[in-house]
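The values are calculated or read from the model by the stated rules, or taken from the named source; none is laboratory data. Bear in mind the structure is a predicted one, so any value in this text is a computation, not a measurement. Using ideal geometry, Cβ is built from the backbone for each residue, glycine included, and neighbour counts are taken over all protein chains shown. Accessible surface areas use protein heavy atoms only, side chains included; no ligands, DNA or RNA. Shrake-Rupley method; radii C 1.70, N 1.55, O 1.52, S 1.80 Å.
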Amino acid sequence: CLLVMDCEGCEVSLLGPEQAARLAGSALIVEVHDFIDPRSSSLADAFRGTHRVELIDAVPRHSGEFPELEFLGWKNRELAVSEVRSHPTRWLVATPF
């Protein structure tokens, strides 16, 4: 099973130690919203006993890295690769052992 979650700050209420045990055989990709709920970072600890856990920081993308967007004007190319976020986000990737 693969769980992909983006719930805008509700990660902690949906995923915790109890749920981690139930998801021991599942892979997870979860967008972590530390700026909404600072406890979101603790999700990594909840899954370390059953999963290999990696936190991946979002990085800026540049439209020049995507030649398939060359048909767009420069402003639309930049918009296509920007998430226009007020805060940086991270992704928790948890792979079962």
Consider segment 67-97. How many of its residues are part of a loop (DSSP other than H, G, I, E, B) and open to solvent by 60 Å² or more (accessible area, probe 1.4 Å)? 9
Only one of (1) within 14 Å of Leu15 (Cα to Cα); (2) of a type outside the set (Lys, Arg); (3) surrounded by fewer than 11 Cβ atoms within 10 Å (Cβ to Cβ) fails for Glu31. Which number is that? (3)
In segment 12-36, how many residues are under 28 Å from Leu79 (Cβ atoms), modelled with pLDDT of 90 or more and charged (D, E, K, R)? 1
What are the residue pairs meeting all of these: first residue in segment 16-36, first residue closer than 16 Å to Asp57 by Cβ, second residue aromatic (Phe, Trp, Tyr) and open to solvent by 70 Å² or more (accessible area, probe 1.4 Å), Cβ atoms under 8 Å, and 6 or more apart or on different chains? Ile29/Trp91; Val30/Trp91; Glu31/Trp91; Val32/Trp91
Among Arg39, Arg77, which is modelled with pLDDT under 85 and touching a helix residue (DSSP H, G or I) at 6+ places or on another chain (Cβ under 9 Å)? Arg39
Is at least one residue of segment 3-23 surrounded by fewer than 12 Cβ atoms within 10 Å (Cβ to Cβ) and touching a Ser or Thr at 6+ places or on another chain (Cβ under 8 Å)? no
So Arg61 fits all but one of (1) in contact with a helix residue (DSSP H, G or I) (Cβ under 6 Å, 6 or more places away or on another chain); (2) in a loop (DSSP other than H, G, I, E, B); (3) open to solvent by less than 30 Å² (accessible area, probe 1.4 Å); what number is the exception? (3)
Which members of segment 37-58 meet the condition of being hydroxyl-bearing (Ser, Thr, Tyr) and either open to solvent by 30 Å² or more (accessible area, probe 1.4 Å) or free of Cβ contacts under 8 Å to residues at least 24 places away in the same chain (or both)? Ser41, Ser42, Thr50
All but one of (1) touching a strand residue (DSSP E or B) at 6+ places or on another chain (Cβ under 9 Å); (2) over 18 Å from Pro96 (Cβ atoms) hold for Val30; state the number of the condition that does not hold. (2)
